Amino acid sequence: MPVAAAARSWLAVMIAILAAAASGCQPGPSFRIAEVKGTVTIDGKPAPGLTVQFEPQSPDPRGRIILPAAYGFTDADGKYTLRRPGRNKTGAAVGLNHVRITAAEGESGPLGQAHPRYGQDNAIWYEVQEGTNTYDIELREDPTARRAN
C-alpha cells in the first residue's frame, strides 16, 4: 500500500477520535490492551490493501464511554497487526470488538471481490483476550454461497 494512502487513513482515524472527544464522549480512565494480528483471505487467497478495524463495545450500557478503535492494514500476504492512534500504540481493547473490513483509502484492493457486508455493522465479532490474539479472517466473495465439502 502506498505510504500516502496509509497516512490519509491514519489522519481520518485521528479526526474521528478528536471529534468524539470534542463531543464529550471520552475514553474511560483505564482499559486493557492486547496484541492482535492475523491474516485476511478472500476465498482462501491473501487479501492485500484492506483496512481491518476493531471497534470495542462500550463498558457503559448507555454507551457514554468510548474506547479507542484499533486499525491495521493488510500487506501483500494479507497479514495485519492492529495499532491505535498515537505514537507506538499497538494492540486493541480487551473485550468484545466489532470488526469491519474495508478497502484502504486510495486502494482499489481486492475488497471488490468480497461481499460489502464485511464493512457493515454486525458482520464479524471477536472477543479480544489478554495476551497475544491471532484472528485469521476468511472472507468469501459471495457469503451466501454454501461451501463445498
task = Return the pairs, sorted by first residue and then second, in which the second residue is among the charged types (D, E, K, R) and surrounded by 15 or more Cβ atoms within 10 Å (Cβ to Cβ), the first residue lies in region 54-79 and is closer than 25 Å to Gly44 by Cα and touching a residue at least 24 places away in the same chain (Cβ under 8 Å), the beta carbons are less than 6 Å apart, and the residues are 6+ apart or on different chains.
result = Ala70/Arg84
Matching entry among Thr81, Thr102 (being of a type in the set (Ser, Thr, Tyr), surrounded by 15 or more Cβ atoms within 10 Å (Cβ to Cβ), under 12 Å from the mean Cα position of the chain (by Cα) and at pLDDT 90 or above) = Thr81
ask   = Would you say Pro68 is on the phi < 0 side of the Ramachandran plot and at pLDDT below 80?
value = no
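The values are calculated or read from the model by the stated rules, or taken from the named source; none is laboratory data. Computed from a prediction, not measured in an experiment: that's the story for all the values here. A quick note on method: Cβ atoms are made from the backbone with ideal geometry, for glycine too, and the neighbour counts reach across all protein chains shown.
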